[in-house]
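K.L.:
I'd like to ask some things about the structure below.
The values are calculated or read from the model by the stated rules, or taken from the named source; none is laboratory data. Just so you know, these numbers come straight off a predicted model, no measurement behind them. Methodologically, a virtual Cβ is constructed for each residue, glycine included, from the backbone with ideal geometry; neighbour enumeration extends over all protein chains shown. Quick note on the areas: whole protein, heavy atoms, side chains included, nothing else; ligands and nucleic acids left out. Shrake-Rupley method; radii C 1.70, N 1.55, O 1.52, S 1.80 Å.
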Amino acid sequence: SSSKGDVKGMTYTGGITGQNYKTISNSYSECVVTGSYHTGGFVGFNSIDCSIINSFAVGIVNGTSPDEFAYTGGFAGRNAGKISYSYSTCKVNGYKNKNSYTGGFVGLNHSTISNCFWDMYSSNQSSSSGGIGKTTLIMKSDSVYRAYSWDFTNIWFIDSTINNGYPFLQ
C-alpha cells in the first residue's frame, strides 16, 4: 500500500492508517500528517499484537497538541506492537513536556522496534522512543541497512536517483 497527500485528524492520525489492528508490510507514506494525539507519518497508533514490516514514511508530521498524552513521531505516534525493517525521513514538529512525547521515529514506544531508522537531520529530532537515528548521508547508503540484515535481494533497493537517494521497495 502507499499514500500521498495531506492527512488531518484529531486522535490516531497517520499517513497509511490512524490505528493499526493487523499486519502491514511493504508499504509507504508520502504525506503531510497533522493531528493532535497519536500522530505519525505512517501510523498514529500501532496496536498491541500488530506488526509493521518493510515500510517507510517521508513527508512532514505535525503534532498540534501541547497537552498530556500527545505522541508524535516520524513513523509512529505510539507503538504497542512490533515494527521492523522500516524507516522515516519525515520532518517532525511536536511538543515535549510532561507525558507528551515527540521523536524522530516514534513518539512513545511500549513494545518492539527492531532494525528501524530515522534521519536525524531531516526530522530535526535528535531522540526517539525507538529506532536508531542516523545522518542523512548514512541513511542514503545501503551499508547501514545491510549491517542490520535488510533484504536488498527481494524487498529493498537503493539508487541515488530514486526516492531522493533513500531505500525504496522493489
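K.L.:
Check off (1) free of Cβ contacts under 8 Å to residues at least 60 places away in the same chain; (2) under 20 Å from Lys22 (Cα atoms) for Phe152 and give me the number that stays unchecked.
P.N.:
(2)
K.L.:
If you don't mind, another one. If I go through the stretch 72-97 residue by residue, how many of them are open to solvent by 10 Å² or more (accessible area, probe 1.4 Å), in contact (Cβ under 8 Å) with a residue 60 or more places away in the chain and under 15 Å from Ser114 (Cβ atoms)? First the steps, then the outcome.
P.N.:
Initially, the stretch 72-97 is screened for residues open to solvent by 10 Å² or more (accessible area, probe 1.4 Å), giving 78, 80, 82, 84-85, 89, 91, 93-97.
Restricting the remaining residues to those that are in contact (Cβ under 8 Å) with a residue 60 or more places away in the chain gives 85, 89.
Next, from what is left, pick out any that are under 15 Å from Ser114 (Cβ atoms): 85.
The number of residues fulfilling the criteria is 1.
K.L.:
Quick one: how many residues across the stretch 30-62 are touching a Phe, Trp or Tyr at 6+ places or on another chain (Cβ under 8 Å), within 16 Å of Tyr95 (Cα to Cα) and either open to solvent by 20 Å² or more (accessible area, probe 1.4 Å) or modelled with pLDDT under 95 (or both)? Reasoning before the result, please.
P.N.:
Taking the stretch 30-62 first, the residues touching a Phe, Trp or Tyr at 6+ places or on another chain (Cβ under 8 Å) are 35, 37-45, 47, 50, 52-58.
Subsequent filtering for residues that are within 16 Å of Tyr95 (Cα to Cα) retains 35, 37-41, 44.
With either open to solvent by 20 Å² or more (accessible area, probe 1.4 Å) or modelled with pLDDT under 95 (or both) added as a condition, the list becomes 37.
Residues meeting the conditions: 1.
K.L.:
Keeping to the stretch 109-130, report how many residues are out of contact with any Leu (no Cβ under 8 Å at 6 or more places or on another chain), open to solvent by 30 Å² or more (accessible area, probe 1.4 Å) and at negative phi.
P.N.:
Number of matching residues: 12.
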